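What follows is a single structure, written as structure tokens, with notes after it.
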Amino acid sequence: MNIPMSGLKAYVDITVPMHEFVEDITLTGSKVESVTSMGAELKNIVTGHIKAIEKHPDADKLVVCQIDVGSGKDLTIVTGAKNVKVGDYVPVALDNSVIAGGKEIHTGKLRGVVSEGMLCSVEELGCDRNDFPEAPENGIYIFPEPVALGMDITEVLDLKEDVVEFEITSNRPDCFSILGIAREAAATYKTELHYPEIEVEERAGGNIADLVSVSIENTDLCPRYVARAVKNVKIAPSPRWMRKRLRAAGIRPVNNIVDITNYVMLEMGQPMHAFDIETIKDRNIIVRNAKEGEKITTLDGVERTLDSSMLVIADTEKAVAVAGVMGGENSKISEQAEAILFESANFDGPNVRITAKKIGLRTDASSKFEKGLDPNLALEAVNRAAQLVEELGIGEVVKGVVDCYPNKRESWTLSYAPAWINKFLGTDISEQEMQEIFERIGLQVDPVNHVVTVPTFRPDLEAQADLAEEIARFYGYDKIEPTLATGTPTVGKKTYAQNITALVKNTMIAEGLCEAMTYSFESPKVFDKLLIPADDTLRQTVTISNPLGEDFSVMRTVPCNGILNALATNYNRRNESAGLFEVAKIYLPKALPVTELPDEIPTLTIGMYGDMDFYDLKGIAEHMMRVLGMSEKVEYTTETTLPFMHPGRTAKVTVDGKMAGYLGEIHPTVAKNYGIGTKAYLAVFYMETLIANASLVNVYQPLPKFPAITRDIAMLVKEDITVKQIADEIRKNGGAYLEEVKLFDVYQGEQIESGYKSVAYSISFRSAERTLAEADVTEAMQAILDGLAKELQAQLRDK
């Protein structure tokens, strides 16, 4: 927000130097970003009088001028300007001067003739024809009246202006104006705010009610609409003081009517618009939602397509403005306009922002409406515009105001406790001083009941803490003595789930894997790469409403794609092997279309290729289960239903009968789809199951006092019988002394019958109370052999 200091000083007395003002106003909450001095770069440019003009002896397009700059000696200046003549008063850049853009001017020769300076156009003074409409389109600026010679051009043309750029937070819409900052400055310096006295002389005949009607169809998006009419309009350039302030604020002057609307917006923070009444069909203003696909050409000459969520100002036939954003070209003020209608309305901030974004048009007006303006400002602003019309003599105001305000916004009250505020701030401020601060910022105070009435232009004041902040701002943060924090400190710690997750990650790193982080957003094409059937529920996704592109348009429902892409990247960059893991979430919608937040399921995904195989992956999983204290609960069974996994080389992992994940080899077709030209392995574990079954309690077990007895057995079994089935049968029949069952050999070859395999186990027995006798083990071994023969048709091998 750029504020010209001349405009600010018109409403509040500021006598301190600029650097002090910047520091003071920043300390009270209105942060100053920068200060720019307009016209400061112009050096050694003065007023001059052309006494004589001669043709250049060696150039047809140049002339030689004799210029009197009040120094007692005429200067010789060569120029190519066609619009100068003897007797003109012009800006003269002397030797060693600086014009706009930092360009230096020195004495030099032009085609053999010494030129002791340069005559200046308005552009070379850092201005344009909007600042000085009387200036020629191409040529030297000529003063319309004689001026004193040798005067600094910045003083003669009033080019100097200090402009302060403020960084205003979005919760302070009242400060996006000169008067808003003036109110803050007055409170800072404990001085009076000279608010403009607004009185409107209604000199035109008739009444506005006979001239135009207004109706609001959507009062949620337009809480208030105010209009005033002006007749006998004289379109012309604005006065210099107004053009200067607008230019200083970064607003381009256009003509007196448009400039008045922009000036009121700059001064009071209320955007306005002006219509040519003759362009309003049936003189009937309707504030309504746009029709789907309705088109309007805005004042910038661009045709824009609207939708039904947008608000427009319309007549009975067409839209004439996009509410809160920009007017339409079909109702703009032309030089032939004789009667105009000033609009001062209040529009819903979020709707204005969405509309501006949809049509790709963000304006000064929309940026202010976005913050949420005070609807009670609308009438005051339109009256101010009417007052300026009368003061500048550019029209006659019609009697009356059209004011559609169905639900008036009222001020509200807040209670405050001086003792609480002092304790909250760590201060000792008297009640009287608090009352004075509240009154300086425009609050009405009831000191007996400790209640303040908050004006509607301060939507940021909602609670006692907000009032405490106002006290701190104007009491002075620098006056608050630092104190130690009070209260009972708390010690932060990780939750149980966070500790288990951290333990899992550390275990993966200890196994030599690298942690990966991949996007939760994916492409719908992922499901085809993973061979997931078209009717599979995994294809039911949460769709992103504003995706970066198709590749990031849905939330993932399977955790594999990110890791597989990472493995593919490593493989294609010729890394011989890679082992990665990621702890992340998948997102499963509860129903489609999505009406509530999806289930977010944390998963651990492991991926690897190279000098690693299925057994390495299973070993990592077993180690993790041991670390989490659940190795006794885990079972691995064959898994054949996952389309992206190899059907014969994948295991399902369960913990206490509950699905905990799966691991195995990636389906060769899937590996090919990802560009991985070797076997790749994948494991997925559901973190919620791991966390629920983890046990970090370590139970001490003393070293055994008595020796173990070990028996080895080898047997023939059908090749479809798993080693787990055999181990489970041994444990079932091993008796109370069974300590360990360990597989040490699996063999299939020429000596083994087709369809069978040889497996060998080492079985250990031990008692914690005595040394076992041979009879104790023989009985248990016989039970084991009988069970294997009966249940699995196992045949004991003698050799």
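The values are calculated or read from the model by the stated rules, or taken from the named source; none is laboratory data. Because the structure is predicted, anything quoted here is derived from the model rather than measured. Note that each Cβ is placed from the backbone with ideal geometry, even for glycine, and that neighbours are counted across all protein chains shown. Please note that ligands, DNA and RNA were not included when accessible areas were found on the heavy atoms of the full protein model with its side chains. Shrake-Rupley method; radii C 1.70, N 1.55, O 1.52, S 1.80 Å.
List, please: which pairs have Cβ atoms under 9 Å, are six or more places apart or on different chains, and start with a residue in the stretch 708-725 that is outside any strand (DSSP E or B) and end with one that is basic (K, R)?
These pairs meet every condition: A708/R766; E719/K757; I721/K757.
Please name all residue pairs, on different chains or six or more residues apart, with Cβ atoms under 9 Å, provided the first residue is in the stretch 484-509 and is of a type in the set (F, W, Y) and the second residue is outside any loop (DSSP other than H, G, I, E, B) and surrounded by 10 or more Cβ atoms within 10 Å (Cβ to Cβ).
Partner pairs satisfying both residue conditions: Y496/I691.
Going through the stretch 266-305 one residue at a time, which ones are among the polar types (S, T, N, Q), open to solvent by less than 30 Å² (accessible area, probe 1.4 Å) and either on the phi > 0 side of the Ramachandran plot or not in a loop (DSSP other than H, G, I, E, B) (or both)? Even if it seems obvious, please write down each step before you answer.
Keep residues of the stretch 266-305 that are among the polar types (S, T, N, Q), which gives 270, 279, 284, 289, 297-298, 305.
Filter once more, keeping what is open to solvent by less than 30 Å² (accessible area, probe 1.4 Å): 270, 298.
Across the stretch 266-305, the qualifying residue is only T298.
Report yes if some residue within the stretch 642-656 is of a type in the set (F, W, Y) and more than 39 Å from the chain's Cα centre (by Cα); otherwise report no. Before the answer, list the steps.
The initial filter retains those residues of the stretch 642-656 that are of a type in the set (F, W, Y), namely 644.
Narrowing the set further to residues that are more than 39 Å from the chain's Cα centre (by Cα) leaves none.
Looking through the stretch 642-656, none of the residues is of a type in the set (F, W, Y) and more than 39 Å from the chain's Cα centre (by Cα).
Looking at R770, R766 in this structure, which one is open to solvent by 30 Å² or more (accessible area, probe 1.4 Å), touching a residue at least 60 places away in the same chain (Cβ under 8 Å), basic (K, R) and out of contact with any Asp or Glu (no Cβ under 8 Å at 6 or more places or on another chain)?
R770
Name the residues in the stretch 625-640 that are open to solvent by 40 Å² or more (accessible area, probe 1.4 Å) and among the β-branched types (V, I, T), would you?
V627, T637, T638, T640
Can you tell me which of (1) basic (K, R); (2) in a strand (DSSP E or B); (3) more than 60 Å from the chain's Cα centre (by Cα) is the one K742 doesn't meet?
So K742 meets the others, but not (3).
Scan the stretch 653-666 and give yes if some residue there is open to solvent by 20 Å² or more (accessible area, probe 1.4 Å), in contact with a strand residue (DSSP E or B) (Cβ under 6 Å, 6 or more places away or on another chain) and closer than 21 Å to P533 by Cα, otherwise no.
No: zero hits.
What number of residues within the stretch 418-451 satisfy the criterion of being part of a helix (DSSP H, G or I) and β-branched (V, I, T)?
Going through the stretch 418-451 one residue at a time, the tally reaches 2.
Considering only the stretch 129-146, I want to know if a residue exists there that is of a type in the set (F, W, Y), within 24 Å of R247 (Cα to Cα), buried (at least 19 other Cβ atoms within 10 Å of the Cβ) and in contact with a Ser or Thr (Cβ under 8 Å, 6 or more places away or on another chain).
There is at least one residue in the stretch 129-146 that is of a type in the set (F, W, Y), within 24 Å of R247 (Cα to Cα), buried (at least 19 other Cβ atoms within 10 Å of the Cβ) and in contact with a Ser or Thr (Cβ under 8 Å, 6 or more places away or on another chain).
Could you tell me whether any residue of the stretch 641-651 is in contact with a Leu (Cβ under 7 Å, 6 or more places away or on another chain) and surrounded by fewer than 18 Cβ atoms within 10 Å (Cβ to Cβ)?
Scanning the stretch 641-651, I find at least one residue that is in contact with a Leu (Cβ under 7 Å, 6 or more places away or on another chain) and surrounded by fewer than 18 Cβ atoms within 10 Å (Cβ to Cβ), so the answer is yes.
Just to check your reading of the model, which residue among Q725, Q793 is open to solvent by 60 Å² or more (accessible area, probe 1.4 Å) and more than 60 Å from the chain's Cα centre (by Cα)?
Going through Q725, Q793 in turn, just one is open to solvent by 60 Å² or more (accessible area, probe 1.4 Å) and more than 60 Å from the chain's Cα centre (by Cα): Q793.
Condition test on D152, is it more than 45 Å from the chain's Cα centre (by Cα) and in contact (Cβ under 8 Å) with a residue 12 or more places away in the chain?
In short, yes.
Pick out, from the stretch 311-409, the helices (runs of 4 or more DSSP H) lying fully within it that include 2 or more residues that are aliphatic (A, V, I, L, M) and open to solvent by less than 20 Å² (accessible area, probe 1.4 Å).
So the answer is 349-359, 377-392.
Looking at the stretch 773-790, which of its residues are surrounded by 12 or more Cβ atoms within 10 Å (Cβ to Cβ) and under 11 Å from E729 (Cα atoms)?
A783, I784, L785, G787, L788, A789
So, of the residues in the stretch 26-40 that are within 30 Å of D128 (Cβ to Cβ) and assigned to a loop (DSSP other than H, G, I, E, B), which turns out to be most open to solvent (accessible area, probe 1.4 Å)?
Among those that are within 30 Å of D128 (Cβ to Cβ) and assigned to a loop (DSSP other than H, G, I, E, B), it is A40.
Per-residue answers, yes or no, for (1) over 22 Å from H667 (Cβ atoms); (2) not hydrophobic (A, V, I, L, M, F, W, C):
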| position | (1), (2) |
| --- | --- |
| M517 | yes, no |
| K525 | no, yes |
| C560 | no, no |
| A568 | no, no |
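Let me confirm something: among P647, P593, P589, which residue is free of Cβ contacts under 8 Å to residues at least 60 places away in the same chain and touching a Ser or Thr at 6+ places or on another chain (Cβ under 6 Å)? Please lay out each step first, then the result.
On the way: P593 fails: touching a Ser or Thr at 6+ places or on another chain (Cβ under 6 Å); P589 fails: touching a Ser or Thr at 6+ places or on another chain (Cβ under 6 Å).
Result: P647 is the single residue among P647, P593, P589 that is free of Cβ contacts under 8 Å to residues at least 60 places away in the same chain and touching a Ser or Thr at 6+ places or on another chain (Cβ under 6 Å).
Check F744, F706 and return the single one that is in contact with a Lys or Arg (Cβ under 8 Å, 6 or more places away or on another chain) and surrounded by fewer than 14 Cβ atoms within 10 Å (Cβ to Cβ).
None of the others qualify; the one that does is F706.
Return the pairs, sorted by first residue and then second, in which the second residue is open to solvent by less than 80 Å² (accessible area, probe 1.4 Å) and charged (D, E, K, R), the first residue lies in the stretch 101-122 and is assigned to a loop (DSSP other than H, G, I, E, B), the beta carbons are less than 9 Å apart, and the residues are 6+ apart or on different chains.
That search, which allows pairs on different chains as well, returns K103/E124; H106/D95; T107/D95; T107/E116; E116/D95; V122/D128; V122/D131.
Whether any residue in the stretch 632-652 is of a type in the set (S, T, Y) and in contact with a helix residue (DSSP H, G or I) (Cβ under 8 Å, 6 or more places away or on another chain) is what I want to check.
The answer is yes, given that some residue of the stretch 632-652 is of a type in the set (S, T, Y) and in contact with a helix residue (DSSP H, G or I) (Cβ under 8 Å, 6 or more places away or on another chain).
Which residues, counting only those in the stretch 204-239, are surrounded by 14 or more Cβ atoms within 10 Å (Cβ to Cβ), more than 16 Å from V264 (Cα to Cα) and of a type in the set (D, E, K, R)?
Residues satisfying the conditions are R224, K231, K234.
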